[in-house]
Amino acid sequence: MRNALVAAATLLGGILSPSLLHAQDAQDLARRFGARPAVEDVSLSPDGSRLAFLAPSGGQGAVMQSVELAGDGTARPVYMAAGNPERLGNCEWVTSDRLICLIWGVVSSMEGPVETARLVAVNRDGGNPRTLFGGSVIDWQGGEKPEVLMGGSGVIRLDTSTLRYAPVENPFRNAADFITDGHGTVRVRGTYDVGGDGYLNDLVHYFYRRPGNKEWFRLSRRDTANNSGFVPIAVDRDKNVAYGFDKYQGRQALFTMALDGTDTTNLVLADKQVDIEGIVRFGRHRRVIGASYVTDKRHMIYFDPDITRLKESLKKALPDKSIIYILDASKDEQKLLIYASNDDDPGAYYLLDRQTRNMRPLLTVRPQLEGLKLAQMKPITYPAADGTMIPGYLTLPPGKDPRNLPAIVLPHGGPSARDEWGFDWLSQFYAAMGYAVLQPNFRGSTGYGDAWLQKNGFQSWKVAVGDVTDAGRWLVKEGIADPNRLGIVGWSFGGYAALLSGVVDPALFKAVVAIAPVTDLTKYKDQYRRTTARTVAFDFIGAGPHIREGSPAQRAAEIKVPVMLFHGAQDVNVDIAHSKLMAEKLKAAGATPRLVTWDKLDHYLIDSEARTKLLLESEAFLRQSFGR
């Protein structure tokens, strides 16, 4: 349709106006980038013969589908959740004939929206659906029997076909975690610390068992307020150690602790610039084979020489893919599920047969983007006002001179999070519409150590928001951004930072778009007042002058540029009352904000129509605010 309109405009001497052509482009691109991924949560059966994945079914709904890899590639529906309110996620194989899926959703209550979740086991043909009890899966038992270990306040061994179960660990109050050796034996447990007021505090105590011994021994104590103390995350049965994270020279590092009574601790991996962020597991028993960290890009460090050699072979086989993950493996580890992508490629899944050395493509993540030239994401640094160099990612519209462009600063959510290099549907849409997009990892972001984290993005909001506004100033100074066409768009904490940027420098950004933003820190604390996490949340948000000074809604009169707000009414992360309060305060100050809401959506707006609307209307708002 779009090509026909362009051709008609050319033949008729440009009767079709540029604004109409822009609207057609915007609608097409918003639809394509706003669409949910066609494939998510892909997993390989233990015998390597079948694939399961989730496909969107409209709204927030999803269908789990199964594919016989030796067949014609036809995907057959197995289980469905309509999305209102129940949704489907995280489907994994128990055996080659049975799967477990997470069913979750948000429902209304007297206290506001509440998230619910349960696990359902189902045969690969959709038969014998069973709702599981006992918590979450902590051990998959290798894939031979339809049994798993479920951990909650205790641990049970549960047959997912019959629901027969046997106790493994007796329940106890304040249970935080159970960790097995991947072969059905519980080796570590965690216990929440409870203060005299009955609320959870920032401490978690960990205990371990020696081989063949039922007695619990003290392992470590974790203080979540300052991320100090060893926190175990996996157990290696053969090495008889627990892998976990602890501080090393002001950053998070990976250690092992012996589980033999010697308390021997060894540093496994550390980096001088950034935190070690995660471990890499492999096989049906989820053994630890490596770890990962992110500098300008993510690095995967493998401890297993065979996997290292395999990764090098995959890089040669997929030379245009910088991100390559081994996602799943058959029980004999001869068939592997591979995911590969790039900054300008949403990715695809492949099946590798290690015996035949044959690798074939299986599924494309976002087929609706095929044929589009996507933008490249470039790691950059820019100076903050105090001279600190702030890392970030710059995405420029493909095929355009990077000078004097309309531009957007796009701060991430969290604040305990960070952006990293790779495909991003939000920044890619704006780049496709001709905007330069800068995503700053401002101070208050995670991944860069204690000094970078500051107190956190709320208590240290002046530093965090200062780094965000400095990103806009850098775009202008470098000549990339037209100073009259510079906007800011943020989601969650990013929306909070976007609104506050209009307070600290009212003339810098010409428009603010805030999606599901925190707008009042007192109101944010109130969300946790009646929960067991009250003490932890209150400590995180803090008390003092920053509660008012760092609340955009309390300073709405200082914002002098147009503001647009988006929010789902079923948001359990940030109540929709935040956006409603912000809109009210802006109106009271004489402004005319726009507020777009959805009655049945939550914090993430996982709905293709909603995301299309978000993209289309936010871009139109920016363009109008810039006078374009």
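What fraction of the DSSP beta bridges in the range 393-492 is antiparallel, stated in percent and rounded to the nearest 5?
Percent antiparallel among DSSP bridges in the range 393-492 is about 25.
For the range 550-624 and the range 277-346, compute the distance between their C-alpha centroids and round to whole Å.
Distance between centres, Cα-based: 39 Å.
Under the definition of Cα pairs under 8 Å and six or more residues apart, what whole-number percent is the relative contact order of the range 297-425?
Relative contact order, the range 297-425: 18 percent.
Kindly work out what percent of the DSSP beta bridges joining two residues of the range 247-317 are antiparallel, to the nearest 5.
Antiparallel: roughly 100 percent of the beta bridges in the range 247-317.
Let me check I have the definition right: for the range 496-610, take the eigenvalues of the Cα gyration tensor, multiply each by 5, take square roots. What are those semi-axes in whole Å, largest first?
With the √(5λ) rule applied to the range 496-610, the semi-axes are 23, 20, 11 Å.
Considering only C-alpha atoms, what is the centroid distance from the range 393-445 to the range 108-182, in Å?
About 40 Å separates the Cα centre of the range 393-445 from the one of the range 108-182.
Order the peptides 255-265, 44-54 from the highest to the lowest mean number of other Cβ atoms within 10 Å of their residues.
44-54, 255-265
Any aspartates and glutamates with Cα under 16 Å of the Lys247 Cα? List them, leaving off those in the same chain fewer than 8 positions away.
Partners found: Asp223, Asp271, Asp275, Glu277, Asp450.
Could you pull out every one of the aspartates and glutamates with an alpha carbon less than 12 Å from that of Lys600, ignoring same-chain neighbours closer than 8 positions?
Glu86, Asp571
Let's test the formula: R0 of 45 Å, r as the Cβ-Cβ distance of Asp386 and His183. What FRET efficiency results, to the nearest 0.05?
Efficiency, from the Cβ-Cβ distance: 0.30.
Take Tyr302, Tyr435 and sort them by solvent-accessible surface of the protein heavy atoms, 1.4 Å probe, largest at the top.
Tyr302, Tyr435
Can you give me the orientation-averaged projected area of the convex hull built on the Cα atoms of the range 147-225, in nm²?
6.2
Roughly how tilted is helix 305-317, in degrees to the nearest 10 and between 0 and 90, from the longest Cα axis of the chain?
Value to nearest ten degrees: 40.
Which of the peptides 476-484, 290-298, 209-217, 424-432 is most tightly packed, and how do the rest follow, judged by the mean count of other Cβ atoms within 10 Å per residue?
424-432, 290-298, 476-484, 209-217
Evaluate the charge dipole of the range 284-341 about its Cα centre and quote only its size in Debye, nearest 20, assuming +1 on the Cβ of each Lys and Arg and -1 on the Cβ of each Asp and Glu.
That gives the range 284-341 a dipole magnitude of about 80 debye.
Taking the range 86-154, which chymotrypsin sites (Phe, Trp or Tyr not before Pro) meet the DSSP loop condition and have no more than 15 other C-beta atoms within 10 Å?
For chymotrypsin sites (Phe, Trp or Tyr not before Pro) across the range 86-154 that sit outside H, G, I, E and B with at most 15 neighbouring Cβ atoms in 10 Å, the list reads Phe133.
Explain nothing, just the number: dipole magnitude of the chain about its Cα centre with +1 on each Lys and Arg Cβ and -1 on each Asp and Glu Cβ, in debye rounded to the nearest 20.
The dipole of the chain has a size of about 320 debye.
For the chain, build the charge dipole from Cβ charges (+1 Lys, Arg; -1 Asp, Glu) around the Cα centre, then report which of Leu99, Pro56, Phe282 sits farthest towards its positive end.
Positive-most Cα among the choices belongs to Pro56.
How much of the accessible area of the range 432-556, probe 1.4 Å, is carbon plus sulfur, in whole percent?
In the range 432-556, the share of accessible area belonging to carbon and sulfur is 52 percent.
For the range 207-350, with the dipole built from +1 on Lys and Arg beta-carbon atoms and -1 on Asp and Glu ones, taken about the Cα centre, which of Asn240, Ile323, Ala291 lies farthest toward the positive end?
Asn240
About the Cα centre of the range 417-567, how large is the charge dipole given +1 on each Lys and Arg Cβ and -1 on each Asp and Glu Cβ? Please answer in debye to the nearest 20.
The dipole magnitude comes to about 480 debye.
So with the 1.4 Å probe, I'd like the accessible area per residue for the chain, rounded to whole Å².
I get 43 Å² per residue for this part.
Compute the angle between helix 18-34 and the longest alpha-carbon principal axis of the chain, please, reported from 0 to 90 degrees and rounded to the nearest 10.
With rounding to tens, the tilt is 10 degrees.
Which of the following values of mean projected area of the Cα convex hull in nm² was calculated from the structure shown: (1) 31.4; (2) 29.9; (3) 58.3?
Comparing each candidate, only (2) matches the computed number.
The values are calculated or read from the model by the stated rules, or taken from the named source; none is laboratory data. For clarity, every value in this text was computed on a predicted model and none was experimentally measured. Backbone-built Cβ (ideal geometry, glycine too); neighbour counts: all protein chains shown. Keep in mind that these areas ignore ligands, DNA and RNA; they rest on the heavy atoms of the full protein, side chains included. Shrake-Rupley method; radii C 1.70, N 1.55, O 1.52, S 1.80 Å.
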